[in-house]
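Each reported figure results from applying straightforward, stated rules to the coordinates on display, with no laboratory input. It should be emphasised that the depicted structure is a prediction, and the values quoted were computed from it without experimental measurement. A quick note on method: Cβ atoms are made from the backbone with ideal geometry, for glycine too, and the neighbour counts reach across all protein chains shown.
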Amino acid sequence: AMGCTDDGFATRPGWLWLAFAPVLVVSMTLEYKCLTYTVLPFVQVTKRFRLLNIPVSYEVWMFCTMVLSVLNKADMASDSFFLAATLKSETCAHEKITRVWIHLASEFPVQLPSQFSHIVLFSYLLMFLQVVYPVLESTPRCGQQVDYTPGTANGARKRFLNLNGNEMNLGDTLMILGEASNMATLQLQNPAYPRAKELYAWGCEKNPKRCLSFLRNALSRGIMRLGLVAVLENTVQIILQTELLAMNYYIFGSEHSQVQACISIALSLLMSVSRVVEFWQLRRFYGEVSTRVMQDEFMQPKLTVALHGAQGLPAADPPYDPYCECEVVGKAEETRFASKICYGTTHPVWNTKAEITQFSEGDVLRFTVRDQQDDVVLGCAEFNCVLHEIGGCFSGDLPLTGGDPIAPAAAGRLRVSVSKALDAQEEGRLCKQNMTILWIIFVAFLLLTLLGVFKLAGMYYCEDALWNVYSCADLPHTLLRTSLQALDSAEPEGTQIFKALIARKR
């Protein structure tokens, strides 16, 4: 579809945008279908629609998000057209872009490919990394049966473990896939949606772990969009497309229209601005949650202890009524809890669970089985928490020893579970880690974007400055321009002049 003019300029026909129209229609139809599943719970939680934290009507919100979604997809299409134009320019008459690029590459302190198209093609392939993270997050592990039908019965499996080992639900899956597909109507629900859910959860139950999990998920998705979309797509495309625009202006001046190239750069800049707004919202979300939730009183680690039952307890006449007490050695008053009572049995089943907050790694849990009537100790067991790895769990039998002398001897066993799940302390650590990563990505994104913007501004301000546009120090290019003009005149000495210039620069 791309063509070349007689003087070697690669053209981009306008009808390519018409060819893109059917793809856009199908994509927007799918986006609207996804929106129908998310907009109702979104407005139920957030209570209103907002743009840049300004309350707006549904119609205004819908119009703006749809326009942004169209621009998102047009940006991806323009990047594809840019790749095609770059590949075509290196096959046009005299390969002028290649000659100028070789000259520029010789000025870099590091070795660069001799073909500009190789860099553009590599950067274009990097954009497909955007689908890797969503696929890993949304794909169930082998052997799991997941019902993806919306509105099915309560017995349907709505949660699953993904390939990364994290628990996912269908709502999060839809949001991640939609965001990776550049669906702005879903992208703009983050972080407003998780932020509203966090506020609701905090007001209802003050559960720090659940509140921090909303923040962690929002930051994780922000890392994906800023790292894989903003840095690897928007900023790289701004720099490369500005470089090609500069080379074309250097070679051809204003002889050929660069409107489509400018539109493509403008779309990438617009998407970059939207990423800056998103980062600002995520940083604000993190600040609110860290101030309210990440306090010492809420961040104590929790140990979940389950007393399942016992077997082989001593028999008596009348039979004992056993129950079990659990405590941390040395912290009995703060940590002790007891199971229910099972009457007249040597094989009690309690299934009692409790959370212990006053503990440290290396503390010892003591379990004591007693008779409810005479307070006779039927057996004791201990569990050393240093054996329990953070994030793991223990579930099994502990031998009972050391009962009261009046109790008949028996080889009893106590079944317990001890686990330290991803508690508030660990969630807080992950939130801080994700925010640090997000800051690093944002700084890199901002610097790369400013690099492209300054290059673009310098190209117009310095007019003829092709290389050192930041200080408007013109590249010594008289011989290079002479060689290009000689190529247009089909003068054979043009190539010789060009080679002599490159040899001198090296």
Quiz item: Spin-label point model (7 Å from Cα, Cβ direction): what's the ILE341 to ILE440 distance in nm?
Solution: 5.9 nm
Quiz prompt | Average Cα contact separation per residue, the stretch 244-354, under 8 Å, 6 or more apart, as relative contact order % | solution = 23 percent
Self-check item: Vicinal HN-Hα couplings computed from phi for the stretch 337-342 (Karplus, 6.51 cos²θ - 1.76 cosθ + 1.60; Hz; Gly/Pro x)
Solution: 8, 10, 7, 6, 9, 10
Quiz item: What does the convex hull of the Cα atoms come to per residue for the stretch 222-335, in Å³?
Solution: 213 Å³
Quiz prompt | Cα-derived Rg over Rh, computed across the stretch 269-381 with Rh taken as Kirkwood radius | solution = 1.35
Practice problem: Extending each Cα 7 Å along its Cβ direction at ASP397 and GLN144, get the distance between those two points in nm, one decimal. | Solution: 3.3 nm
Quiz item: Using the beta-carbon distance between SER417 and GLU288 and R0 = 30 Å, what value does 1/(1 + (r/R0)^6) give for FRET efficiency, to the nearest 0.05?
Solution: 0.25
Quiz prompt | For ASP321, residues with placed amide H under 5 Å, excluding near neighbours | solution = GLY344, GLN372, GLN373
Practice problem: Once you've got the Cα coordinates, tell me which of LYS340/LYS432; LYS33/LYS206; LYS33/LYS209; LYS206/LYS340; LYS432/LYS455; LYS197/LYS340 are over 30 Å apart. | Solution: LYS340/LYS432; LYS33/LYS206; LYS33/LYS209; LYS432/LYS455; LYS197/LYS340
Quiz prompt | Table column - 3J(HN,Hα) (Hz), the stretch 274-281, Karplus curve with 6.51, -1.76, 1.60, x for Gly and Pro | solution = 5, 5, 4, 4, 5, 4, 4, 5
Quiz item: Tell me, how many Å apart are the Cα centres for the stretch 223-291 and for the stretch 49-112?
Solution: 7 Å
Exercise. Would you mind giving the three semi-axes, in whole Å and largest first, of the ellipsoid equivalent to the stretch 172-220 according to its Cα gyration tensor?
Key: 23, 10, 7
Self-check item: ³J(HN,Hα), Karplus 6.51/-1.76/1.60, whole Hz, each residue of the stretch 247-260, x for Gly, Pro
Solution: 5, 5, 5, 5, 7, 9, x, 9, 5, 10, 5, 10, 4, 5
Exercise. State, in angstrom, two size descriptors of the stretch 19-155 derived from its alpha carbons: Rg to one decimal place and Dmax to the nearest whole number.
Key: 22.5, 68
Quiz prompt | Over 19 Å [Cα-Cα, the stretch 165-271], rounded percent | solution = 59 percent
Practice problem: Please work out whether the stretch 44-101 counts as rounded, prolate or oblate from its C-alpha gyration tensor, where a ≥ b ≥ c are the square roots of the eigenvalues and a/c under 1.5 means rounded, while otherwise a/b larger than b/c means prolate and anything else oblate? | Solution: prolate
Quiz item: Percentage of Cα-Cα pair distances in the stretch 76-125 greater than 13 Å, rounded to whole percent?
Solution: 58 percent
Quiz item: Going by the alpha-carbon gyration tensor, a ≥ b ≥ c the square roots of its eigenvalues, is the stretch 11-85 rounded (a/c under 1.5) or, if a/c is not under 1.5, prolate (a/b greater than b/c) versus oblate?
Solution: prolate
Exercise. Could you check the simple spin-label distance between VAL273 and LEU18, using points 7 Å along Cα→Cβ, in nm with one decimal?
Key: 3.1 nm
